[in-house]
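Comments concern the structure below.
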Amino acid sequence: MEALLRKYLWVVDLVAIALCSIFLARAAASVVESAIVVPPARAGAARLARTQAPTVYTKEIDPILDRNVFCSTCPPIRKKADEPGVVDTGPVEPQKTSLPLALLAIMYAPPPYGGKWSVAIMRDTEEKSTGPFGVGGKIHGATVTSIEETRVYIDNANKPEYVDLIDTTAATTAAAPQPAAAPTVASAAVDPLSAEMDRGIKKISENAYDIQRQTLESVLGNMNLLSRSARIVPEIRDGKAAGFRLYSVRPDGPFAKIGMQNGDVIASINGLEITSPEKALEVYAKLKSASHLSVGLERNGQKVSKEYSIR
């Protein structure tokens with residue numbers, strides 16, 4: 001028996017090795033299957049995720065600004081307007097300025113050229129100076145931000161303010177009924193400035209005039225008179241400036257007395273074309289020192305030259 005076992009012992013070893021191989025193969029198959037095959041619950045979740053729409057991320061700037069980039073779990077760094085402690089004041093309403101400024105006249109250009117061509121004549125009552133200002137001009141430390149038909153908006157130390165052409169308080173006071181006064185000799189007197197213009201402006205020929213310097217300075221210093229004498233509007237042709245057109249010229253005003261008519265376009269002065277507000281302001285500054293003015297006009301499609309000698 002012992003000899004038989006020794007003779008066939010290799011068969012027993014072979015059977016043992018085969019059984020061990022089978023067990024090892026099945027164990028390996030179980031491990032691989034558990035790693036590859038997705039459980040039913042997880043498979044359903046995967047199928048649901050594939051059927052859902054892809055996530056769309058917002059491109060708004062507010063969520064980015066609200067997020068704390070250094071802490072993903074922290075609350076937003078900015079409070080919303082409806083949260084406690086936050087007061088939404090809205091835009092700041094412009095207030096009437098307290099600066100010593102007076103608005104004397106406005107040369108208003110309608111859109112789309114208003115911001116570029118409108119000019120306001122303003123007086124600093126504290127420094128006793130008067131001058132024309134466009135958008136961006138500075139007066140008494142404030143900056144002109146917008147020019148409307150009867151109002152100029154300014155930025156005074158980052159505060160929006162305005163100056164009215166017509167002071168409603170003064171207008172209301174003037175409109176209040178006043179007791180009738182007895183007529184006096186002085187009330188019938190002629191306006192001194194009108195008398196000054198009659199004396200100081202002399203017509204030499206159809207297009208030539210002599211003007212006394214004192215008269216010129218009196219007229220230029222009275223912006224109220226100039227603003228009432230005519231309405232001056234920029235003349236725009238093909239998107240470019242061609243000068244300034246006169247409307248509503250009063251027959252007793254300074255424009256009429258120097259030969260200008262309603263509808264005239266002032267194109268140049270002393271050869272300088274008035275193609276921008278800056279050019280107009282430059283000419284205005286030179287008027288007081290000039291001894292001769294040659295004004296180029298367009299009247300009814302014809303070019304006319306007016307010559308003024310200042311003595």
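With respect to the conditions (1) surrounded by 16 or more Cβ atoms within 10 Å (Cβ to Cβ); (2) without any contact (Cβ under 8 Å) to a residue 60 or more places away in the chain; (3) hydrophobic (A, V, I, L, M, F, W, C), A195 lacks only one, and its number is (1).
Scanning region 107-141 for residues that are among the hydrophobic types (A, V, I, L, M, F, W, C) and modelled with pLDDT under 80 yields M107, A109, W117. Number of residues in region 94-151 that are closer than 21 Å to V283 by Cα, small (G, A, S) and out of contact with any Phe, Trp or Tyr (no Cβ under 9 Å at 6 or more places or on another chain) equals 5.
The set of residues in region 256-294 being open to solvent by 30 Å² or more (accessible area, probe 1.4 Å), free of Cβ contacts under 8 Å to residues at least 60 places away in the same chain, closer than 18 Å to S309 by Cβ and assigned to a helix (DSSP H, G or I) consists of K286 alone.
Selection of region 199-243 for residues being open to solvent by less than 30 Å² (accessible area, probe 1.4 Å) and in a loop (DSSP other than H, G, I, E, B) yields only A230.
The values are calculated or read from the model by the stated rules, or taken from the named source; none is laboratory data. This structure is a prediction, so every number in the text was calculated from the model and none was measured. Neighbour counts run over all protein chains shown; Cβ positions are idealised from the backbone, glycine included. For accessibility, only protein heavy atoms count, side chains too; no ligands or nucleic acids. Shrake-Rupley method; radii C 1.70, N 1.55, O 1.52, S 1.80 Å.
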